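Trainee: One structure follows; several queries about it will come next.
The values are calculated or read from the model by the stated rules, or taken from the named source; none is laboratory data. Predicted, not measured: the structure shown is a model, and the values here were computed from it. A quick note on method: Cβ atoms are made from the backbone with ideal geometry, for glycine too, and the neighbour counts reach across all protein chains shown.
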């Protein structure tokens, strides 16, 4: 690994110990910001960054923005489980996960900027935040940011979202395939995604 990552050369160029260089390249938390910046800058100059093994995280702090209900299992079990899954995935990488509540629309831009500009914020996840102004600010800041289940009109950031209409359609088809015909759909239409699922349910009924 030393030959591939050129640990000794980076150590010589930065004046840091090989063990410190190795910790930075492994994404370990017990390194100073100054050492981290020096190592990563040198690694980029040497073309080492492209050779890093898949799965290695070069960050130690991640901030999740989500509606307030996402942090309460009884209020929104779906978003709550997403956050728990992120936390579980990061457990092995010494990444500290922090949280900030934002409204889905008409979000507090000043709060968002204040939290994003904190030195501890190295990357962010926007969960269920649809405000296009917040998306634009996130893209302009240049820090790594991923959208999860957001209405992403600008498409300037990596985004992950299920096909809500297809979810509803598959749910309806599943019930019809089991032989059911009289199906009642009970849901809260507080977000456009639920309307898409309802539309999918209707599409599944039409195909039955």
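Trainee: So which of 165, 173, 151, 197 is part of a helix (DSSP H, G or I) and at pLDDT 80 or above?
Mentor: From the options 165, 173, 151, 197, the qualifying one is 173.
Trainee: Could you please give the count of residues in the range 97-143 that are loosely packed, with under 14 Cβ neighbours inside 10 Å and touching a residue at least 60 places away in the same chain (Cβ under 8 Å)?
Mentor: Here the count works out to 1.
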